[in-house]
Amino acid sequence: SVMQIPLRKVKTLKQTMMEAGNYEELAYQRAYAHKSFLQKTSMGSN
Amino acid sequence: DPNEIDELLRNYMDAQYFGVISIGTPAQNFTVIFDTGSSNLWIPSKKCPFYDIACMLHHRYNSGKSSTYKEDGRKMAIQYGTGSMKGFISKDTVCVAGICAEEQPFAEATSEPGLTFIAAKFDGILGMAYPEIAVLGVKPVFNTLIDQKKVPSPVFAFWLNRNPDSELGGEITFGGMDPKRYIEPITWTPVTRKGYWQFKMDKVLGGSSSIGCPNGCQAIADTGTSLIAGPKAQVEQIQKFIGAEPLMKGEYMVQCDKLPTMPDVSFVIAGQTYTLKPHDYVMNITTAGKSICISGFMGIDLPPRVGELWILGDVFIGRYYTAFDFGQDRVGFAQA
């Protein structure tokens, strides 16, 4: 027979951050991580 | 650029639907994202160091307390934009919906990257895409269930509940589809590349005009993200069509009071038209006491080696019941 799993729906992290007014901070953090990732790879690190 | 792939294909910031699985004997329970955009199962390990905050804040698998644990030990890493999820492979009994995959290999994570996983409300990820994209070629749980003949047919299906007042967020069906959750007919389209659940999309329509995917394009059905994403230039056209304005990082917002007058957007797949109304493709978020409405469309250009790809996430799957058939390598959609 077919088996089922119920799913729970929650606010996404992004929604939570936006509601708390922290999304800009998060976007900045991610942009910073992106930049440092690019710097690392452009220096030849694998 | 792996960061872009992270943003798009593994954007767990936007993941919204979780379920519970158990691992080991006696059962240890974990909350996971059932993710059709990846193919590995990983959960935090009891062996993660105390300074790994993400790991410490979630349920951790303790192999020492499971009589069915078998050592594998291969090291693995999954690269995300903001770092790597690192860990090692173990084998144990993994149960979903009361059916169990014996000696299922999975990753015990000992290091998890970034803010996303610290703040995450889920413990781990259960990948449900093809084994072809599984890191280390580790067999995904559903494929083990098929091989061990634990499911009556090699099909699983997602129903996501769009009623915000309901306790039940949705339902996954293993081994077939649930006729209570969709309206016939279900229209199938073949998988064009075994990796993601990838298929051909014919076009994207605004009213009767083409506003995206002009000559046909490739798309994937991805339950690991909540938005609909596509090539920037084409998505900009859609945003313009619906009257959205840029917010940040490829995202757009619309005026909430314009919702009743906004147009429908349709996706044509295998000759069938799937229409989204404004309340389907707009997400309403209350912040600092006021509502803002985020467009469910997001533009992103993937690197040339990945090529143009549209990602149909929860915004689409919530409106259209989606079935995934390993037996005939096809994806099916029906009205939820």
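What follows is calculated from the coordinates using simple rules that are stated; it is not laboratory data. Note that the structure is predicted; figures quoted are calculated from it, not measured. Neighbour counts run over all protein chains shown; Cβ positions are idealised from the backbone, glycine included.
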Discussion item. Given a Förster distance of 35 Å, report the FRET efficiency between B:Asp178 and B:Lys121 from their Cβ-Cβ distance, rounded to the nearest 0.05.
Written reply: 0.90
Discussion item. Give the average, rounded to an integer, of partner chain Cβ atoms located within 10 angstrom of each Cβ in B:16-25.
Written reply: 3
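So, R0 is 41 Å and r is the distance between the beta-carbons of B:His279 and B:Lys149; what FRET efficiency does that work out to, to 0.05?
Details: r = 43 Å, r/R0 = 1.04.
With R0 = 41 Å, the Cβ-Cβ based efficiency is 0.45.
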Practice prompt. Count neighbours as other Cβ atoms within 10 Å of each site's Cβ, and list the trypsin sites (Lys or Arg not before Pro) in the range B:171-262 that are DSSP loop with at most 10 such neighbours.
Written response: none
Fill in: Average Cα contact separation per residue, the range B:176-334, under 8 Å, 6 or more apart, as relative contact order %
32 percent
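Please order B:Ser166, B:Ser66 by the number of other Cβ within 10 Å, starting at the fewest. Don't skip to the answer; put the middle values down first.
Values: B:Ser166 10, B:Ser66 18.
Sorted ascending by nearby Cβ count, the order is B:Ser166, B:Ser66.
Sort B:Ser208, B:Ser38, B:Ser63, B:Ser153 so that the residue with the fewest other Cβ atoms within 10 Å of its own Cβ comes first and the one with the most comes last.
In increasing order of surrounding Cβ atoms, one gets B:Ser208, B:Ser153, B:Ser63, B:Ser38.
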Item to complete: Within the set of other residues whose C-beta is less than 11 Å from the C-beta of B:Gly175, count the net charge using Lys and Arg as +1 and Asp and Glu as -1.
Response: +1
Worksheet entry | Environment charge of B:Ile242, counting only residues whose C-beta is closer than 15 Å and scoring Lys/Arg +1, Asp/Glu -1 | -3
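Determine the percent antiparallel among the DSSP beta bridges restricted to chain B, to the nearest 5. Working shown, then result.
Numbers: 80 of 94 bridges.
Here the share of antiparallel DSSP bridges comes out near 85 percent.
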Worksheet item: Taking a threshold of 26 Å on the Cα-Cα distance, which of the pairs B:Lys150/B:Lys200; B:Lys91/B:Lys150; B:Lys46/B:Lys91; A:Lys9/B:Lys232; B:Lys203/B:Lys232 fall above it?
Response: B:Lys150/B:Lys200; A:Lys9/B:Lys232
Worksheet item: If you look at just the Cα atoms of the range B:143-193, how large are its Rg and its Dmax in Å?
Response: 13.6, 39
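Which net charge results for the neighbourhood of B:Gly207, defined as the other residues with beta-carbon distances under 14 angstrom from its beta-carbon, given Lys and Arg at +1 and Asp and Glu at -1? Provide the component values of the computation, followed by the final result.
Working: positive: B:Lys203, B:Lys240, B:Lys277; negative: B:Asp264.
Local net charge: +2.
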Discussion item. Please list, in order, the residues from the range B:57-75 whose amide nitrogen is less than 13 Å from a point placed 7 Å along the Cα→Cβ vector of B:Lys46.
Written reply: B:60-70
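Please work out whether the range B:227-315 counts as rounded, prolate or oblate from its C-alpha gyration tensor, where a ≥ b ≥ c are the square roots of the eigenvalues and a/c under 1.5 means rounded, while otherwise a/b larger than b/c means prolate and anything else oblate?
Values: a/c = 2.11, a/b = 1.36, b/c = 1.55.
Oblate.
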Fill in: Fully extended contour minus Cα-Cα distance, from B:Ser210 to B:Leu247, at 0.36 nm per residue
10.9 nm
Worksheet item: What is the distance in Å between the Cα centres of the range B:33-100 and the range B:205-271?
Response: 35 Å
Fill in: Loop-located trypsin sites (Lys or Arg not before Pro) in the range B:83-176, at most 10 other Cβ atoms within 10 Å (DSSP)
B:Lys149
